[in-house]
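Enquirer: So that we are looking at the same thing, I have put the structure below in structure tokens.
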Amino acid sequence: MNYQLTIKEISSLFGINIENNTPITGISYDSREVKEGDIFVCLIGEKTDGHNFVKEASQKGAKAILAKKNIDSSLPIIYVNDTQIAIAKLASHFYKEPSKKIKFIGVTGTNGKTTTTHLIQHIFEKNGLKTALIGTLGTKENITSGYYDSKHTTPQASDLQKQLSTLSDNGFTHLAIEVSSHALSLHRVDECNFSGAVLTNITQDHLDFHLTMDEYSSAKRKLFKMLNNSFWKKKYAVLNKDDKSYSEFSKSISKEINLLTYSIKEKSDFQAKEINFESDGLSFILISPKGEYKVKSKLNGMFNVYNILASITVAYAEGIKIEKIIESLKDAKEVSGRFQIIQSTKNGKNTESVMCIVDYAHTPDGLENILKAAQLITKKRNTTGKESKLICVFGCGGDRDPTKRPKMGKIAEELANLVIVTSDNPRSEDPKQIINDILSGIKNTSNIVVEADRGAAIKIAVKKASNNDVIVIAGKGHEDYQILKDRTIHFDDREEAKKALEEVMSLRGTQ
């Protein structure tokens, strides 16, 4: 479908009258991507300011400018107080309010957003609901398709509204979307009509952006406040009752919203008990409003019990029968880079004797959850009488909250038998300084190895691993790049783990 508004119609959205009927056929905020007939929106980012690129946008065919600061241009200029807020309003109007045409389920929280949205999509699709997914890995239109458009966890407002419009036009009835705290703070999901909102958990993250945990939590609560004012008549909120933030989030939800809860410890609408973990997955007994059921999944770890519970609760809120939800979950696969098991495929007597687990865990809570889950697997792999080891390889990202680095060092020291501290995405920071920050949280360095080269660190871990040991490689997960000070290089933990495993296992097989 072709969309357009005149400059006059756009100006009137913001209480301004510009008598100009030139048609606007697109919205751009990156001067490099401006197309003939676009309106260029001057967004102000952490590193760049769109007001400095008006000339370039004009040269590429922009027909109007949406700005906050005074600028010099021969094009019609629409001045607003905040271009982040304005682009969301403009995009929703331009694409004819697409979030009123597709049921829009937002998942927010520190950890678990990606897996939870994937599980929601999986259950919905298995039960005949045409459901798309938008999140950290990109946009995914069905459970077997690949991803596209993976610039941000939650897209910029104009990109998001355009995607919603396209999905709606293509017959999608539901969308599960990861809603980051950045997206909420930067108004990317303003003007979106959510039909459901989910909270996974709140733990320390993004304090380089939000500065305080109160500010971070407040950003997350905005999603539930938006739900209160949404277009949809039947709306629901899904909260983790075990999370410390439950009380304050529940207060954000109006009485008109159907509030459903899930938990492991506290009594809730959907509660898991008799939880069991094996190397090939997990199982538990689900206590629900409709009775008790046995749930089995190929996923692993206590954190995934929570993710599964959240997805079950959402599916129930959408009217899917519990028996069908549970049946759908049986063949749901791990998400790329989320507790993803990598093993050698080489033939030989020691094949698959060492297990690598690659995970995106990049927060203190995330690392603790992954290592605790890996501990359970490590104990069950002890089949020779010799205690199996848990080895952890991790680093921390540069230009991000430095206060979490020593905390993560402490967690790794306490939960792993051997820790190899390495580099993550150092960005503009010195990798050695980041590593020193991590080491400052470690008391006993006798089981600590430092290797700044991440590829070499993974290889060291595999070489030091014995039969049935488990190696957790944390921090980057699905990422296939590493951001250095002066360039971005190809780097994939999964590829590096596979290569190291096959090389080392092959050598052991010949000995």
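The values are calculated or read from the model by the stated rules, or taken from the named source; none is laboratory data. Everything numeric here is computed off the predicted structure, so don't read it as measured data. Note that we place each Cβ from the backbone using ideal geometry, even for glycine, and neighbour counts take in every protein chain shown.
Enquirer: What number of residues in the range 72-102 are part of a loop (DSSP other than H, G, I, E, B), without any contact (Cβ under 8 Å) to a residue 40 or more places away in the chain and closer than 22 Å to residue 61 by Cβ?
Expert: Matching residues across the range 72-102 total 4.
Enquirer: Give the range 481-511 a look and list any residue that's farther than 25 Å from residue 413 by Cβ, acidic (Asp, Glu) and at pLDDT 95 or above, or say none.
Expert: Correct list: 492, 495.
Enquirer: Quick one: what pairs do we get from the range 423-449, first residue farther than 25 Å from residue 481 by Cβ and touching a residue at least 12 places away in the same chain (Cβ under 8 Å), second hydrophobic (A, V, I, L, M, F, W, C) and in a helix (DSSP H, G or I), C-beta under 9 Å, 6+ apart or different chains?
Expert: Close Cβ pairs satisfying both conditions: 441/408; 441/411; 441/412; 442/412; 448/412; 448/439.
Enquirer: Between 395, 409, 385, which is at pLDDT below 95 and small (Gly, Ala, Ser)?
Expert: The unique qualifying residue is 385.
Enquirer: Which of the residues spanning the range 355-369 are at pLDDT below 95 and among the β-branched types (Val, Ile, Thr)?
Expert: Once the filter is applied, which keeps residues that are at pLDDT below 95 and among the β-branched types (Val, Ile, Thr), the range 355-369 yields only 363.
Enquirer: Are any residues in the range 456-511 of a type in the set (Phe, Trp, Tyr), out of contact with any Lys or Arg (no Cβ under 8 Å at 6 or more places or on another chain) and surrounded by 15 or more Cβ atoms within 10 Å (Cβ to Cβ), and if so, which ones?
Expert: none
Enquirer: OK, next. If you go through the range 116-173 one residue at a time, how many are aliphatic (A, V, I, L, M) and either without any contact (Cβ under 8 Å) to a residue 40 or more places away in the chain or in the same structural domain as residue 85 (by TED's automatic domain parsing) (or both)?
Expert: Summing the residues that are aliphatic (A, V, I, L, M) and either without any contact (Cβ under 8 Å) to a residue 40 or more places away in the chain or in the same structural domain as residue 85 (by TED's automatic domain parsing) (or both) in the range 116-173 gives 1.
Enquirer: So, one more: Testing residue 119 on (1) crowded, with 23+ Cβ neighbours inside 10 Å; (2) closer than 30 Å to residue 4 by Cα; (3) out of contact with any His (no Cβ under 8 Å at 6 or more places or on another chain); (4) hydrophobic (A, V, I, L, M, F, W, C), one condition comes back false. Which one is that?
Expert: (2)
Enquirer: Checking residue 414 against (1) within 20 Å of residue 302 (Cα to Cα); (2) modelled with pLDDT under 95; (3) surrounded by fewer than 20 Cβ atoms within 10 Å (Cβ to Cβ); (4) not hydrophobic (A, V, I, L, M, F, W, C): exactly one of these is not met. Which one?
Expert: Tallying (1) within 20 Å of residue 302 (Cα to Cα); (2) modelled with pLDDT under 95; (3) surrounded by fewer than 20 Cβ atoms within 10 Å (Cβ to Cβ); (4) not hydrophobic (A, V, I, L, M, F, W, C), residue 414 fails exactly one: (2).
Enquirer: I would also like to ask the following. Would you say residue 352 is surrounded by fewer than 22 Cβ atoms within 10 Å (Cβ to Cβ) and modelled with pLDDT under 95?
Expert: Judged against the criteria, residue 352 is a match.
Enquirer: A follow-up question, please. Pick out the one residue from 10, 105 that is of a type in the set (Val, Ile, Thr), within 28 Å of residue 194 (Cβ to Cβ) and not assigned by TED's automatic domain parsing to the domain that holds residue 172.
Expert: Testing whether each residue is of a type in the set (Val, Ile, Thr), within 28 Å of residue 194 (Cβ to Cβ) and not assigned by TED's automatic domain parsing to the domain that holds residue 172 leaves just 10.
Enquirer: Of everything in the range 10-40 that's under 36 Å from the mean Cα position of the chain (by Cα) and of a type in the set (D, E, K, R), which residue is surrounded by the most Cβ atoms within 10 Å (Cβ to Cβ)?
Expert: Per the stated criteria, the residue is 38.
Enquirer: Can you tell me which residue in the range 142-168 is surrounded by the most Cβ atoms within 10 Å (Cβ to Cβ), limited to those that are within 12 Å of residue 130 (Cβ to Cβ) and not aliphatic (A, V, I, L, M)?
Expert: 168
Enquirer: Working carefully through the options 96, 55, 35, find the one that is more than 18 Å from residue 2 (Cα to Cα) and either out of contact with any strand residue (DSSP E or B) (no Cβ under 8 Å at 6 or more places or on another chain) or of a type in the set (Lys, Arg) (or both).
Expert: The match here is 55.
Results for (1) of a type outside the set (Gly, Ala, Ser); (2) part of a loop (DSSP other than H, G, I, E, B), shown as yes or no for each residue.
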{"position": "255", "(1), (2)": "yes, yes"}
{"position": "259", "(1), (2)": "yes, no"}
{"position": "268", "(1), (2)": "no, yes"}
{"position": "272", "(1), (2)": "no, no"}
{"position": "283", "(1), (2)": "no, no"}
{"position": "286", "(1), (2)": "yes, no"}
{"position": "294", "(1), (2)": "yes, no"}
{"position": "311", "(1), (2)": "no, no"}
{"position": "325", "(1), (2)": "yes, no"}
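Enquirer: Using beta carbons and a limit of 9 Å, which pairs, at least six apart or on different chains, have the first residue in the range 234-257 and assigned by TED's automatic domain parsing to the domain that holds residue 106 and more than 15 Å from residue 200 (Cα to Cα) and the second one of a type in the set (Asp, Glu) and not in a helix (DSSP H, G or I)?
Expert: Taking only residues 6 or more apart or on different chains, the pairs are 235/256.
Enquirer: Of all residues in the range 226-245, which are under 25 Å from residue 303 (Cα atoms) and modelled with pLDDT under 95?
Expert: 243, 244, 245
Enquirer: Looking only at the range 401-414, decide whether some residue is touching a helix residue (DSSP H, G or I) at 6+ places or on another chain (Cβ under 7 Å), outside any helix (DSSP H, G or I) and closer than 15 Å to residue 476 by Cβ.
Expert: Within the range 401-414, none of the residues are touching a helix residue (DSSP H, G or I) at 6+ places or on another chain (Cβ under 7 Å), outside any helix (DSSP H, G or I) and closer than 15 Å to residue 476 by Cβ.
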